[in-house]
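These notes concern the structure reproduced below.
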Amino acid sequence: MALPPAPGAPAMNFASKPRGLGLRRPSPEPPGAALRLGPLFWPWEKVKVGPLSVSPMGFGTWAWGNQLLWGYQESMDSELQECFNLALRNGINLFDTADSYGTGKLNGQSERLLGKFIREFEGSIKSPDDVVIATKFAAYPWRLTSGQFVSACKSSLERLQLDQLGIGQLHWSTANYAPLQERALWDGLVEMYEKGLVRAVGVSNYGPKQLLKIHSYLASKGVPLSSAQVQFSLLSMGDEQMELKTVCDSLGIRLIAYSPLGLGMLTGKYDASNLPKGPRSVLFRQILPGLESLLSSLRRIAEKKGKTMSQFVVNMCSSEVPTRFLKKTNAMISTQVAINWCICKGTIPIPGVKSIRHVEENLGALGWRLSPAEISELESAAMAAPKKMIQNVFQTA
Ligand SMILES: NC(=O)c1ccc[n+]([C@@H]2O[C@H](COP(=O)([O-])OP(=O)(O)OC[C@H]3O[C@@H](n4cnc5c(N)ncnc54)[C@H](OP(=O)(O)O)[C@@H]3O)[C@@H](O)[C@H]2O)c1
């Protein structure tokens, strides 16, 4: 059951996708592949990242293969595959990964799983915009030449079973500790782009100053910089993030918000007596006790929005409203509000997901917007929190 179209929204056959994707073996397209759920937002809502059209939210896959921080087990793979299928069928076409994701022997597992899931997807994938994979290349100290970065890109393509990536991103800059390596990274991006291995290039963990430098270097080589990924959330909205956003806007670069849920702290499901397993608990123990006001704002706004949304659906539908949908809109949750805040700030959030429930709930962050008053209430509460997220060690100025 699909939702009624938004007023004035174009009619769109979501299944018709004209161009050929860089897939090596196109998957069969069984007729009538059933949706687990109808679209939970307007799936034609897309934003531009350089030449790409992507959903206003993507999903992050850091956890897919990471035992240490995220407790990954191979037994989770079938649910992860369902997560991927459900997301794609509901219009999410952006998936973030990295060549360093996966701990120990599982290194590269996130890319490998995505490759398998794309291959086995029982639906139509024809256009390059149907699935946009954004992977990141680690600036390992042994990757010293542009050719080594191009090889890294080819290895990612191999694991992903693709001929071309959506976005090839530098995972971090070496400017802080090995500035001489930096040029090789940049030239690597140029070569990948020129060879057609990536449709767009991006960076991650670059601050505003370093972003201006790489943008101008790439521009001198005729390569547009399309995206900048940075930690960005209600727990990570300091001056640097805001300055970066301003620079991105002035250069036409799309900001991708990673850890939009503060590694899970903004979901509201944790507190001092209920911490996640593993190393996250150390960070959560320090930050969570000061988040009471922010978490209660998130909850209150979620409750209010949920009521408004279900009333909207009742008003829109002349016939009977599906109870399943009403239940969903009634039960809007903090997580959706935290993600929606990132969207309202003009970024593309990529919350990490590892269960069907996460995907279903996070899809509910789309199709609506917080009001300016709600945004300012959330930001005031966030600013009052005594401790914020620590910044990535590789983040540059
Ligand atoms: N460029 C970089 O250096 C960099 C760094 C970090 C992340 N990233 C990217 O950004 C993505 C997202 O960031 P992140 O994974 O660090 O953190 P996040 O998105 O802030 O938090 C994700 C975690 O929150 C919990 N969660 C998600 N949806 C939920 C829901 N609906 N209800 C309850 N809990 C929910 C899950 O963990 P639990 O259920 O275990 O609590 C999930 O793994 C990553 O996957 C990765 O692709 C990039």
Working only within segment 184-226, note down all residues that are within 16 Å of Val393 (Cβ to Cβ) and over 22 Å from the mean Cα position of the chain (by Cα). Gln210
Segment 269-282: number of residues that are more than 8 Å from the ligand (Cβ to nearest atom) and touching a helix residue (DSSP H, G or I) at 6+ places or on another chain (Cβ under 7 Å): 5
Of the criteria (1) free of Cβ contacts under 8 Å to residues at least 24 places away in the same chain; (2) in contact with a strand residue (DSSP E or B) (Cβ under 7 Å, 6 or more places away or on another chain), which one Val393 fails: (2)
I'd like the full set of residues that are surrounded by fewer than 18 Cβ atoms within 10 Å (Cβ to Cβ) and at negative phi, limited to segment 150-163. Ser151, Lys154, Ser155, Glu158, Asp163
Quick test of your reading of the structure: Gly290 fulfils all but one of (1) touching a residue at least 40 places away in the same chain (Cβ under 8 Å); (2) within 15 Å of the ligand (Cβ to nearest atom); (3) farther than 17 Å from Cys342 by Cα. Name the failing condition by number. (2)
For segment 86-108, name all the residues that are in a helix (DSSP H, G or I), closer than 24 Å to Gln169 by Cα and either out of contact with any strand residue (DSSP E or B) (no Cβ under 7 Å at 6 or more places or on another chain) or more than 16 Å from the ligand (Cβ to nearest atom) (or both). Leu88, Gly104, Lys105, Leu106
Residues of segment 354-387 being assigned to a helix (DSSP H, G or I), away from the ligand (no atom under 16 Å from the Cβ) and either more than 21 Å from the chain's Cα centre (by Cα) or at pLDDT below 95 (or both), which ones? Pro372, Ala373, Glu374, Ser376, Glu377, Glu379, Ser380, Ala381, Met383, Ala384
From Leu283, Leu263, grab the single residue that is aliphatic (A, V, I, L, M), at pLDDT 95 or above and at positive phi. Leu263
Determine the pairs where a residue that is closer than 26 Å to Trp70 by Cβ and among the aromatic types (Phe, Trp, Tyr), located within segment 242-267, has a partner that is near the ligand (Cβ under 8 Å from one of its atoms) and modelled with pLDDT of 95 or more with Cβ atoms under 7 Å apart, the partner being 6 or more residues away or on another chain. Tyr258/Gly60; Tyr258/Gln229; Tyr258/Val230; Tyr258/Gln231; Tyr258/Ile350
Return the residue satisfying two criteria in turn: it lies in segment 173-193 and is hydrophobic (A, V, I, L, M, F, W, C) and farther than 20 Å from Leu94 by Cβ, and of such residues it is surrounded by the fewest Cβ atoms within 10 Å (Cβ to Cβ). Leu180
Which one is surrounded by the most Cβ atoms within 10 Å (Cβ to Cβ) among residues in segment 194-225 that are among the hydroxyl-bearing types (Ser, Thr, Tyr) and over 20 Å from Tyr140 (Cα atoms)? Tyr217
Would you say Ile133 is part of a strand (DSSP E or B) and within 20 Å of Glu79 (Cα to Cα)? yes
Total residues in segment 192-243, condition touching a Cys at 6+ places or on another chain (Cβ under 9 Å), aliphatic (A, V, I, L, M), over 24 Å from Gly147 (Cβ atoms) and not in a strand (DSSP E or B): 2
Working carefully through the options Ala200, Ala257, find the one that is within 26 Å of Gly352 (Cα to Cα) and within 14 Å of the ligand (Cβ to nearest atom). Ala257
Working only within segment 64-85, note down all residues that are buried (at least 18 other Cβ atoms within 10 Å of the Cβ), free of Cβ contacts under 8 Å to residues at least 60 places away in the same chain and outside any loop (DSSP other than H, G, I, E, B). Phe84, Asn85
For the subset of segment 109-144 comprising residues that are away from the ligand (no atom under 14 Å from the Cβ) and among the β-branched types (Val, Ile, Thr), which member is farthest from the chain's Cα centre (by Cα)? Ile125
Scanning segment 130-149 for residues that are crowded, with 21+ Cβ neighbours inside 10 Å and in contact with a Gly (Cβ under 6 Å, 6 or more places away or on another chain) gives Val132, Ile133, Ala134, Phe149
Considering each residue of segment 158-183, count those that are assigned to a helix (DSSP H, G or I) and either closer than 19 Å to Ser227 by Cα or within 26 Å of the chain's Cα centre (by Cα) (or both), and give that number. 5
Within segment 337-353, restricting attention to residues that are surrounded by fewer than 24 Cβ atoms within 10 Å (Cβ to Cβ) and more than 7 Å from the ligand (Cβ to nearest atom), which residue is farthest from Val230 (Cα to Cα)? Cys344
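The values are calculated or read from the model by the stated rules, or taken from the named source; none is laboratory data. Note that the structure is a prediction, hence the values are computed from the model and not measured. Every residue, glycine among them, receives a Cβ derived from its backbone with ideal geometry; neighbour counts consider all protein chains shown.
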